[in-house]
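Report on the following structure.
The values are calculated or read from the model by the stated rules, or taken from the named source; none is laboratory data. All figures in this text were calculated on a predicted structure; none of them were measured in a lab. Positions of Cβ are backbone-derived with ideal geometry, glycine not excepted, and every protein chain shown enters the neighbour counts. Please note that ligands, DNA and RNA were not included when accessible areas were found on the heavy atoms of the full protein model with its side chains. Shrake-Rupley method; radii C 1.70, N 1.55, O 1.52, S 1.80 Å.
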Amino acid sequence: ISERVRLREEAARASHLAALGELAAGVAHEINNPTGLILLDLPIIRDVFRDCLPLLEAHQRSQGEFTLGGLEYSRLRDELPLLLAEVLDGAQRIKQIVEELKDFSRPFDARQFGPVDLGEVVRKAVHLVGNQLKQATDRFELHCDTPLPPCHGNAQRLEQVVINLILNACQALPERNRALQVAVRHQREGGFNIIEVRDEGVGIRPEHLAQVTDPFFTTRRQVGGTGLGLSVSTRIIEEHGGTLHFASSPEGGTVVTVALPVLAREVMHG
């Protein structure tokens with residue numbers, strides 16, 4: 001009975017995620033076009049204002065202070081570039097959210113799978129987030145066993161997961177003297193490659209631990225979190241036949257463990 005209940009719950013969750021995915025894809029499509037226009041038009045408006053500045057300066061020198069849009073020119077001259085930069089940042093933030101929505105709704109395509117060197121995936125991900133790591137901690141370590149047996153998967157999708165886990169760990173560190181470690185190793189038992197991301201950050205409260213991979217759940221909404229990163233990561237790992245596990249306690253740091261099955265020998269040589 002418990003197995004039947006579990007299967008029913010999994011089916012309901014899969015159906016719920018599929019419906020959310022369709023909704024996310026529709027929202028992303030509708031938002032994408034107006035955001036694209038904003039990102040295209042704003043730099044033109046900024047350049048027009050910059051080119052007009054000599055004329056406006058000359059007008060102020062000859063005619064004295066004047067207003068544009070109800071604001072004194074001397075104030076507008078300083079504030080308009082800042083306003084345009086804020087709008088541009090906002091539009092780029094919307095674009096990033098749209099990309100996350102697209103990732104969330106992207107269908108699984110096994111044709112894009114092949115042999116993957118997990119060590120190379122992790123090293124590339126670490127390189128890509130190098131600046132964020134430097135800003136977050138003075139104590140970063142990467143341990144990568146070699147050689148690792150290949151996994152069957154999509155390197156780009158797995159790289160996306162590793163980047164997301166490292167960035168989350170960076171955001172959890174309150175001070176630069178807290179450590180962040182990434183390790184990749186082979187586990188003979190069961191035939192898995194393991195990625196472990198360990199941080200000495202603020203940790204996750206017990207009531208939040210079960211929700212961290214839920215779509216749109218985030219404790220960082222006020223600073224721009226969408227709650228999609230870990231949900232997308234979980235989906236990708238499940239597509240690869242793997243598991244994603246979180247162990248954490250408040251102020252005790254967090255350990256995220258990704259287990260991915262290695263490629264069967266007959267597939268490797270077939």
Original post:
Which residue pairs have Cβ atoms under 8 Å apart, sit 6 or more places apart or on different chains, and have a first residue in the range 105-119 that is farther than 21 Å from Leu230 by Cβ and a second that is modelled with pLDDT under 80?
Top reply: Pro115/Met268
**OP:** Output the residues belonging to the range 249-270 that are at pLDDT 60 or above and not in a loop (DSSP other than H, G, I, E, B).
**Re:** Thr254, Val255, Val256, Thr257, Val258, Ala259, Leu260, Pro261, Val262
Subject >> Cβ-Cβ under 6 Å pairs, at least 6 apart or on other chains, the range 35-58 side open to solvent by less than 70 Å² (accessible area, probe 1.4 Å), far side basic (Lys, Arg) and part of a helix (DSSP H, G or I) >> reply: Thr35/Lys95
**OP:** Would you be able to say whether some residue in the range 203-216 is in contact with a strand residue (DSSP E or B) (Cβ under 9 Å, 6 or more places away or on another chain), at pLDDT 85 or above and not aliphatic (A, V, I, L, M)?
**Re:** no
